[in-house]
Structure formats: C-alpha cells, structure tokens
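K.L.:
Attaching a single structure in structure tokens format; questions to follow.
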Amino acid sequence: MAEHGHPPRHYYDASMLSVEEALERILGYMHVLEAEEKPILDAMEQVLVDDVVAARDIPPLDNSAMDGYALQAASVEDASEDHPVVLKVTGVVAAGELPDVRVGPGEAVRIMTGAPVPEGADTVIPFEETDELERRDSGLNLSEIAVKVAVDIGRDVRPAGQDARRGERVLERGSILRPSEVGVLAALGHSTVSVVRRPVVAILSTGDELLEPGDPYGVGGIYDSNSYSVAALVRRYGGIPNMLGIARDNLDSVNAKLREGLQSDILITSAGVSKGDYDMVKDVLTQHGEIDFWSVRMKPAKPLAFGVLTAQDGRQVPHLGLPGNPVSAMVAFEQFGRAAIYKMLGRTGYQKPRVQAILDEPIHNTDGRRVFARAVVTKEDGIYRARLTGAQGSNLLTSMARANGLAICPEDLSRKEAGEVVDVQMLDWPEEVF
C-alpha cells in the first residue's frame with residue numbers, strides 16, 4: 001500500500017447539515033406502519049409483528065433420518081461385514097403412517113425417511129448396511145435381513161421436538177421473513193402471518209419538458225428517468241411505488257397530482273428543492289404543509305427538502321424532495337429514502353453495507369462536502385480495490401449503472417489519494433466479488 005502525507009483539511013460550512021443530521025431529522029418523522037395478514041409466501045422480506053410460538057413439537061414423533069431398518073442396537077452389537085446378524089423383519093412403516101407393530105430383540109421393521117420410529121426400536125440402520133440389495137437381486141423375500149455393522153443407540157433417529165418444542169418461541173417479532181422463516185411457518189402449520197405492511201410511496205415528476213418513456217421524442221424534450229430510477233429503488237427496498245406520472249407546469253395539474261399522491265404513505269418529488277429556486281412544485285407543497293429546504297454536506301445531492309403535508313382526510317404524509325439531477329436523486333435516496341422506507345417497514349440496519357478498499361485513483365473534494373464517488377469494487381488476492389466509473393457529473397446516470405459502490409471522501413479532507421484505503425458504501429453485493 002502506498003504511503004502518503006496527510007492531505008489538506010477542509011473547514012466545511014457548518015451551516016449545512018451533515019448526512020447524519022439530515023437522516024436523524026427525517027427518521028424522527030417516520031413511524032412503523034400497521035400490521036397486515038398475508039399468505040406466508042407473499043410476506044417474504046416483511047417484518048413479523050408478533051412472536052411465533054410452536055403449538056406442537058417439530059417433529060411430533062421420533063422419526064427416521066434414513067431409508068433403512070428400525071431395530072434395537074443391542075440386537076446387532078456383534079454384527080460385522082464378515083459376521084452379519086440376521087434379524088426377522090416384522091413390518092414396514094412409510095412416511096405419514098403410524099406404526100402398528102412393536103420391535104423386540106432380534107427384530108427389525110423396514111422404515112422410510114421421515115416415518116415414525118416404532119415402539120421398542122432405538123436405532124435405524126440404513127439399508128445400504130444390510131444385505132437388502134443382494135436379497136432383491138437374488139429374488140429372495142425380505143422376511144429376514146442381515147445387518148453388517150454394529151451401531152450406537154440412537155443412530156439416524158431424529159428425536160421428537162428436536163427442531164422445536166411445544167410452547168417454544170421459534171421466531172421473534174421484528175424478524176425479517178426469509179425463505180427459511182417461511183419454511184418454519186409452514187412446518188408449524190401457518191398458512192398466513194401478521195407482518196408490517198409495505199409503505200405505498202408516491203413518486204411525482206413535474207415539467208412541461210418531460211416525456212414518458214415510449215413517447216415520441218421531440219426536440220427539447222427529456223425522458224423522465226428520475227421517476228423510474230426512484231421507483232425501482234422503492235421496490236428494491238420493500239416499498240410499493242405509486243408512480244403519479246408527470247405534472248405539467250400549471251397549478252391545476254400539480255394540485256391534482258399532489259392530491260393523488262397524498263393518498264400514499266410518503267410522497268417523493270425530485271427537482272426544485274434548492275433554497276434559491278423558483279419552482280411551482282415547491283410553492284404548492286408549502287401551501288399543503290410544512291416543508292424545510294436543506295443544504296446537506298454531501299456531493300452529489302446537496303439540496304434536499306423534507307416536511308409533512310396534510311391530506312384531505314387529515315393524515316400527515318411525509319414528503320421527501322430529492323435533487324433534480326438523476327445521480328443526485330439516486331444518491332440522496334440511498335442515504336435517506338431507503339432509511340425512511342426501512343423504518344416504516346419496521347426494519348433496522350438503515351445503513352448500506354460497507355467495505356474498505358484500496359483506491360486505484362484519487363477522489364478530489366473541492367468544497368468541503370462528503371463525496372460519494374461512483375466506483376466499481378473488485379477483489380484481488382483477498383484485497384478489495386475500488387476504481388471510479390469515470391467522470392463524476394451528477395447528470396451522468398450511466399456512471400451509476402456502471403458502479404457497484406460509492407467510495408467516500410470525508411468532508412474534512414481535500415482528497416483521497418490513489419493507494420489509500422477508502423470506505424465504500426456498497427450499492428450491490430456481486431457474487432463474483434464477495
């Protein structure tokens with residue numbers, strides 16, 4: 001690793017909010033949403049509202065871990081490959097059946113994987129350790145079986161309650177439902193589960209110049225990418241995007257879209273959030289509630305708006321105003337929108353995962369803000385490396401498409417040099433890297 005002197009320190013503008021201060025203010029307005037009952041498979045990635053307690057033992061009875069023979073270990077204590085012990089086969093137990101036979105000394109019962117172990121048996125021998133296959137190939141009946149190994153008591157028997165005991169708390173409230181938790185619920189007999197519902201997130205774009213993707217292109221027009229990138233992030237982090245379309249630059253259009261958006265759990269807009277901007281959306285939003293316009297010590301995404309709007313039914317609906325440049329909107333959402341959705345979902349761990357990587361090229365910080373540089377993280381000889389995706393303009397949406405992380409230069413440093421270790425906030429967790 002290269003050695004470097006300390007770069008010059010920035011004396012950043014204390015009038016701007018830090019990323020942490022802005023996040024704290026936003027989360028202070030958020031609350032966990034109410035519960036809903038859903039089919040267990042549809043509740044994937046949602047948060048449990050209540051503890052889940054086992055109503056019965058899992059498994060409910062001692063059962064076989066193998067296809068083989070249930071017997072008493074003492075019956076085959078002298079068995080070996082050269083001197084197998086022959087046992088009388090007194091029955092067969094299939095999975096899902098209750099055994100109707102008792103196993104005594106010198107006896108065995110053919111048993112299938114998952115089938116209850118019959119009374120008297122304390123061990124299961126896999127059929128591969130008997131002469132079953134030879135008997136079948138020779139056309140002999142299976143009224144007897146020769147066991148070729150001695151075994152300890154309890155081998156290949158899964159005890160009742162080994163997975164869960166009746167009355168035991170098997171899943172805690174606040175747990176996120178992954179495939180394994182869904183499987184546990186199914187094993188306990190639950191077809192539905194109570195989880196924190198997903199927030200509906202209204203997404204509003206404004207401007208006469210905006211075109212919907214798929215519309216014919218006109219000179220001077222801009223296709224609306226922000227709505228789609230933000231909606232994709234909302235869906236990725238567990239929300240339900242409510243895309244309001246495009247409001248045109250007139251009061252009737254903006255108000256109509258706003259009324260529709262206030263039926264959701266949170267409203268997200270982009271553009272028009274700089275303190276000095278004249279913007280119709282800003283003025284309309286202010287008429288419907290209390291909106292603060294902030295400057296945050298981060299680059300990109302310095303301008304940010306947040307507040308609470310009042311819906312027609314009196315509900316208080318949070319509003320998050322993102323910057324207008326597409327990269328700025330996405331970076332701001334990663335820092336603040338994701339955390340807001342997570343809190344409404346009842347999830348914790350708002351921060352994206354981070355790794356430390358060696359920079360392949362410098363990051364320059366020209367104005368005392370925390371720089372989130374788009375980067376590609378790779379792993380070489382067990383060491384993470386980060387290279388920038390090229391030009392870092394906040395209008396360059398393809399730079400986000402190329403990145404799997406955001407390399408961070410703190411606000412009090414003028415640069416991070418090539419060869420230095422840098423924190424990288426991971427946007428993705430590629431299998432080929434990790």
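K.L.:
When the Karplus curve 6.51 cos²θ - 1.76 cosθ + 1.60 is applied with θ = phi - 60°, which whole-Hz ³J(HN,Hα) does each residue of the range 43-59 get, with x for Gly and Pro?
P.N.:
Karplus values, whole Hz, x for Gly and Pro: 8, 3, 6, 9, 9, 5, 8, 10, 4, 10, 10, 5, 7, 8, 5, 10, x.
K.L.:
Quick one: which of 286-297, 326-337, 397-408 comes out on top by average Cβ neighbours within 10 Å, and what's the full order, highest first? Display every interim value, and only then the final one.
P.N.:
On the way: 286-297: 17.2, 326-337: 24.6, 397-408: 19.6.
Most protected by this proxy first, the peptides run 326-337, 397-408, 286-297.
K.L.:
Output wanted: per-residue J couplings in Hz (rounded whole) for the range 384-393, from phi through Karplus 6.51 cos²θ - 1.76 cosθ + 1.60, θ = phi - 60°, x for Gly and Pro.
P.N.:
Per-residue couplings from phi come out as 6, 10, 10, 10, 6, 8, x, 4, 10, x Hz.
K.L.:
With an 8 Å cut-off on Cα pairs and a minimum separation of 6 or more residues, tell me the relative contact order of the range 284-434 in percent.
P.N.:
On the way: 302 pairs, mean separation 33.3, N = 151.
Once normalised by length, the contact order is 22 percent.
K.L.:
Now a separate question. Ignoring ligands, DNA and RNA, what percent of the accessible area of the chain is carbon or sulfur (1.4 Å)?
P.N.:
Details: 10410 of 21140 Å².
On the chain, the fraction of accessible area on carbon and sulfur atoms equals 49 percent.
K.L.:
Something else about it: Suppose we keep just the DSSP beta bridges with both residues in the range 180-323; what percent of those would be antiparallel, to 5? Please list the in-between numbers first.
P.N.:
On the way: 13 of 29 bridges.
Taking every DSSP beta bridge within the range 180-323, about 45 percent pair in antiparallel fashion.
K.L.:
If you don't mind, another one. Could you name the aspartates and glutamates in cross-link range of residue 257, using Cα to Cα under 12 Å and dropping any fewer than eight places away on the same chain?
P.N.:
Cross-link targets: 249.
K.L.:
OK, next. Would you please give the residues with an amide H less than 5 Å from that of residue 240, counting only those at least 5 places away or on a separate chain, with H modeled from the backbone geometry?
P.N.:
Long-range HN contacts for residue 240: 200, 201.
K.L.:
Let me ask something additional. Nearest 20 debye, what's the magnitude of the dipole of the chain about its Cα centre given +1 on Lys and Arg Cβ and -1 on Asp and Glu Cβ? Before the final figure, lay out each step's value.
P.N.:
Details: 44 positive and 66 negative charges, 365 e Å.
In debye, rounded to 20, the chain gives about 1760.
K.L.:
For a 27 Å ceiling on Cα separation, which of these pairs sit above it: 302/352; 302/379; 282/416; 343/416; 282/302? Don't skip to the answer; put the middle values down first.
P.N.:
On the way: 302/352 20 Å; 302/379 31 Å; 282/416 37 Å; 343/416 33 Å; 282/302 17 Å.
With Cα atoms farther than 27 Å apart: 302/379; 282/416; 343/416.
K.L.:
Shifting gears a bit: Taking only DSSP H segments of four or more residues, each worth -39500 (n - 2.57), what value at 222 nm results for the chain once the sum is divided by all its residues, to the nearest 500 deg cm²/dmol? All intermediate terms of the calculation are to be shown ahead of the outcome.
P.N.:
Working: 9 runs with 77 residues, N = 434.
It comes out at -5000 deg cm²/dmol, rounded to the nearest 500.
K.L.:
In whole percent, what relative contact order does the chain give with Cα contacts below 8 Å and a gap of six or more residues?
P.N.:
Values: 1001 pairs, mean separation 76.8, N = 434.
This gives 18 percent for the chain.
K.L.:
Do any GluC sites (Glu not before Pro) in the range 165-253 lie in a DSSP loop with no more than 10 other beta carbon atoms within 10 Å, and if so, which?
P.N.:
Numbers: sites: 168, 172, 181, 209; in loops: 168, 172, 209.
Hits after loop and neighbour filter: 172.
K.L.:
Turning to a different aspect of this structure: So what is the relative contact order for the range 1-153, in percent, with contacts set as C-alpha pairs under 8 Å and at least six apart? Let's see the in-between values first.
P.N.:
Working: 229 pairs, mean separation 39.1, N = 153.
That works out to 26 percent.
K.L.:
Something else: Provide the descending list of Cα extents for the chain along its principal axes, expressed in whole angstroms.
P.N.:
That gives 93, 61, 43 Å along the principal axes, largest extent first.
K.L.:
Towards the positive end of the charge dipole of the chain, with charges on Cβ (+1 Lys, Arg; -1 Asp, Glu), say which of 167, 118, 256 has the farthest Cα.
P.N.:
It is 256.
K.L.:
Continuing with this model, one more query. By DSSP, what percent of the beta bridges with both residues in the chain are antiparallel, rounded to the nearest 5? List each step's numbers first, then the result.
P.N.:
Values: 62 of 87 bridges.
Here the share of antiparallel DSSP bridges comes out near 70 percent.
K.L.:
I'd like to check one number: the per residue accessible area of the chain, probe 1.4 Å, reported in Å² as a whole number.
P.N.:
Details: 21140 Å² over 434 residues.
Result: 49 Å² per residue.
K.L.:
Hey, can you grab everything whose amide H is under 5 Å from the amide H of residue 247? Only 5+ residues off in sequence or another chain; H modelled, so Pro and N-termini drop out.
P.N.:
Counting only residues 5 or more places away or on other chains, the set is 205, 206, 207.
K.L.:
Pick from 135, 235, 173: which is most flexible by mean-square fluctuation in a GNM of the chain where alpha carbon atoms under 10 Å apart are linked?
P.N.:
Of 135, 235, 173, the Gaussian network model singles out 135 as fluctuating most.
The values are calculated or read from the model by the stated rules, or taken from the named source; none is laboratory data. All of these numbers come straight from a predicted model, not from anything done at the bench. Note that each Cβ is placed from the backbone with ideal geometry, even for glycine, and that neighbours are counted across all protein chains shown. Ligands, DNA and RNA are stripped out before the accessible areas are found, and what is left, the full protein with its side chains, is counted by its heavy atoms. Shrake-Rupley method; radii C 1.70, N 1.55, O 1.52, S 1.80 Å.
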